[in-house]
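Working notes for the structure below.
The values are calculated or read from the model by the stated rules, or taken from the named source; none is laboratory data. Note that the coordinates shown come from a computational prediction; the quantities given were computed from them, not determined experimentally. Don't worry about glycine lacking a Cβ; one is built from the backbone with ideal geometry, like all the others, and counts go over all protein chains shown.
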Amino acid sequence: MVGGSIPSRPGARPQIEMKKFQNYIRDVAVELKKVTWPSWEELKGATIAVIVFSLVASAYVAIVDSGLLFLIGKVAEVFGT
């Protein structure tokens, strides 16, 4: 193909791309059959752990934020801003 010319087989490229896509989907399905999925109990335990960690991390960030806000306010008072 020369710059900008029309290919001799216009339908060839989309067929190749579709075949690649079909192979990809088939490969994904094969790999998903190999996955060891967690049991319901493992899933619930992991979910609870994530929720608890998120709450603890949020509380920590809120406490640090409040503390820094308080300190900045006191420094502003001292320097008369």
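Can you go through 54, 39, 66 and tell me which one is of a type in the set (Ser, Thr, Tyr) and within 21 Å of the chain's Cα centre (by Cα)?
Working: 39 fails: within 21 Å of the chain's Cα centre (by Cα); 66 fails: within 21 Å of the chain's Cα centre (by Cα).
Unique residue meeting the criteria: 54.
Here residue 32 meets the list (1) outside any loop (DSSP other than H, G, I, E, B); (2) loosely packed, with under 10 Cβ neighbours inside 10 Å; (3) over 21 Å from the mean Cα position of the chain (by Cα) almost entirely, failing just condition (3).
Return a yes/no flag: does region 37-58 have any residue that is modelled with pLDDT under 95 and either in contact with a strand residue (DSSP E or B) (Cβ under 9 Å, 6 or more places away or on another chain) or surrounded by fewer than 10 Cβ atoms within 10 Å (Cβ to Cβ) (or both). Yes.
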